[in-house]
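Engineer: Input: one structure, supplied below.
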Protein chains: 2
Amino acid sequence: MNIHTLTIVGVGLIGGSIALAARQRGLARRVLGVDCQPATLDEAQALGVIDEGVRDLATAARRSALMVFCTPVDAIPAQVLAAAEACTPGTLLTDAGSTKAAIVRELDGRVPAHVTFIGSHPLAGSEKRGPRYADAHLFSNRVAVLTPTPQTDPAALVRLQAFWQGLGSRVRIMPADEHDRALALTSHLPHLVASALCGVLPAGLRELAATGFRDTTRIAAGDPSIWTGIFAQNRDALLAALPLLVGQLQAYREALLADDRTAVDALLTQAKRTRDALGS
Amino acid sequence: MNIHTLTIVGVGLIGGSIALAARQRGLARRVLGVDCQPATLDEAQALGVIDEGVRDLATAARRSALMVFCTPVDAIPAQVLAAAEACTPGTLLTDAGSTKAAIVRELDGRVPAHVTFIGSHPLAGSEKRGPRYADAHLFSNRVAVLTPTPQTDPAALVRLQAFWQGLGSRVRIMPADEHDRALALTSHLPHLVASALCGVLPAGLRELAATGFRDTTRIAAGDPSIWTGIFAQNRDALLAALPLLVGQLQAYREALLADDRTAVDALLTQAKRTRDALGS
């Protein structure tokens, strides 16, 4: 992998980490950053996260061999289309959005023929924001999901796979719909539940919320505007996931109401088995 | 604070951390450990967590000025009563259980007059088990709740408060019922919810469960037998807390169904505000 110019659009925690990892691992000769906030670009350059900040998306697009869009999910399609017009032939475009079906569907058949867009989602991140939290090891041994369509150029998919592997990721390839149904359970429902738990904590009891509450709700500190977009784009799968959780809560409720310790123990034991299988 | 002999009953993560902190901070001249598993006692002694392992509860009780019961909540009352019979006059007994009302109620009026029992709950811990995870700093700047009754000897309460402060804790005093209602929201409901989230994760999707899922469900790796006891002892408050969470989930569901991004954003923003107020 030797990209002459890699452009990261949206130089926050994720975008900054991709830029830093690409620089440190020598995947790209030059890493450009594009961001709507000039201060973020300046900070990213000062931190050595990017080589150069570029204010204008089209200018960066013209110079790029690979562009990665790390902006909120509902901003991605329009930005990809705007950039694609300016790209030179053969440029590969991808993103790092937490939802895939809406983005892929919106871009399907609309990206000019001289470039390729393939959706990506690296399963890594944190509730933090900004290039100062960029971490060159963020993707090491983490899964990155790529969501090609039947029309995707296989050679471009191979290149994109090599890029994510170059960042340290384990690549999984699946249809965008399948990704979204899975992530509704593994990421979007947990975010909703963590936020709901915060919603039931009265201010007067904050002092009594210890490690357990803090771990369980950590992701609720994420940026609401980003997550509102994710929830909106994956609304159907999230609405389908919610009753599964409510069903589990109902099972606990019935076991408690019946004072059935064997049933409570069985539920907790099954949950522990699942959690233990995930590792720390 | 200069206790001649401190006895820890149940030398796991919590009991071991109390023992280690008391030794390192010089709160007690001698720290005894009592545990039903001889291997745990040997390990705790080898690790320097306790000075001496004692197999027989009554033998340890006879030698103690302060005893702390760090066993599962439903084992505590019987162990306290058994030990209390053997204690010399003036011995102070407490516990570290996650529920308080049932323990305090069961012991109220039944502990012999020559000793005092006061309930304690240090809000610290982890999903790990055993003395090898003992941490002398586990209680530093954490809250410890003490739950005296109107009959509690004020001098004994002052001694117990000094003990927990000596371990680094910030002490809060409240009735056992109030503690249990609060902890239902701040600890027991989060444990139930983390476990319920694990319950909806199919084995085939484990690979796609990243940091967010792991943080949110970390406490579900806790020992089911300990948590079955906690849930049973705090059943009423937990059953009263559940509908508050279900109500929050319902609010998210309705906002999603109506495609009302403003409402979703408002819910997430309120949750973030609460989570930010807790710190990391």
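The values are calculated or read from the model by the stated rules, or taken from the named source; none is laboratory data. The structure presented is a predicted model; accordingly, all values stated were derived computationally and were not measured. Here the Cβ positions follow ideal geometry from the backbone for every residue, glycine too, while neighbour counts run over all protein chains shown.
Engineer: Give me a count of the residues in region A:78-114 that are in a loop (DSSP other than H, G, I, E, B), surrounded by 22 or more Cβ atoms within 10 Å (Cβ to Cβ) and among the small types (Gly, Ala, Ser).
Structural biologist: Of the residues in that region, 3 qualify.
Engineer: With the condition kept exactly as written, say whether any residue in region A:169-181 is at the interface with another protein chain (Cβ under 7 Å from one of its Cβ atoms), part of a helix (DSSP H, G or I) and either under 16 Å from the mean Cα position of the chain (by Cα) or under 19 Å from A:LYS100 (Cβ atoms) (or both).
Structural biologist: no
Engineer: In addition: Only one of A:LEU278, A:LEU268 is more than 20 Å from the chain's Cα centre (by Cα), free of Cβ contacts under 8 Å to residues at least 60 places away in the same chain and either facing chain B (nearest Cβ under 7 Å) or over 27 Å from B:LYS272 (Cβ atoms) (or both); which?
Structural biologist: A:LEU268
Engineer: Moving to a separate point now. Looking at region B:58-109, which of its residues are β-branched (Val, Ile, Thr) and within 14 Å of the chain's Cα centre (by Cα)?
Structural biologist: Listed by number, the residues that qualify are B:VAL68, B:THR71, B:VAL73, B:ILE76, B:THR94, B:THR99, B:ILE103.
Engineer: Another question, then. Given the residues B:ALA232, B:ALA237, B:ALA209, B:ALA203, which is the only one that is of a type outside the set (D, E, K, R), closer than 24 Å to A:ASP259 by Cα, more than 13 Å from the chain's Cα centre (by Cα) and within 8 Å of chain A (Cβ to nearest Cβ)?
Structural biologist: Just a single option satisfies the conditions, and that option is B:ALA232.
Engineer: Residues in region A:155-162: is at least one within 14 Å of chain B (Cβ to nearest Cβ) and at pLDDT 95 or above?
Structural biologist: No; the residues of region A:155-162 include none that is within 14 Å of chain B (Cβ to nearest Cβ) and at pLDDT 95 or above.
Engineer: Further question: Can you name the residue in region B:222-248 that is at pLDDT 95 or above and among the small types (Gly, Ala, Ser) and, of all such residues, is farthest from A:LEU267 (Cα to Cα)?
Structural biologist: Only one residue tops the list, namely B:GLY247.
Engineer: Of all residues in region B:115-145, how many are part of a helix (DSSP H, G or I) and either closer than 20 Å to B:PRO175 by Cα or of a type outside the set (Ser, Thr, Tyr) (or both)?
Structural biologist: Qualifying residue count for the region: 2.
Engineer: Can you name every residue in region B:240-265 that is part of a helix (DSSP H, G or I) and either small (Gly, Ala, Ser) or within 26 Å of the chain's Cα centre (by Cα) (or both)?
Structural biologist: Selection gives B:ALA240, B:ALA241, B:LEU242, B:PRO243, B:LEU244, B:LEU245, B:VAL246, B:GLY247, B:ALA251, B:ALA255, B:ALA263.
Engineer: Ok, one more. Residues being over 15 Å from the mean Cα position of the chain (by Cα) and surrounded by fewer than 18 Cβ atoms within 10 Å (Cβ to Cβ): count how many of those fall in region B:115-132.
Structural biologist: Qualifying residue count for the region: 1.
Engineer: Still on this structure, I have one more. Just checking, which of B:PHE231, B:PHE213 is in the same structural domain as B:LEU185 (by TED's automatic domain parsing) and in contact (Cβ under 8 Å) with a residue 24 or more places away in the chain?
Structural biologist: After applying the criteria, what remains is B:PHE231.
Engineer: Here is a follow-up. Only one of these conditions is not met by B:GLN165: (1) in a helix (DSSP H, G or I); (2) away from every other protein chain (no Cβ under 11 Å); (3) touching a Ser or Thr at 6+ places or on another chain (Cβ under 8 Å). Which number is it?
Structural biologist: With (1) in a helix (DSSP H, G or I); (2) away from every other protein chain (no Cβ under 11 Å); (3) touching a Ser or Thr at 6+ places or on another chain (Cβ under 8 Å) applied to B:GLN165, the lone miss is (3).
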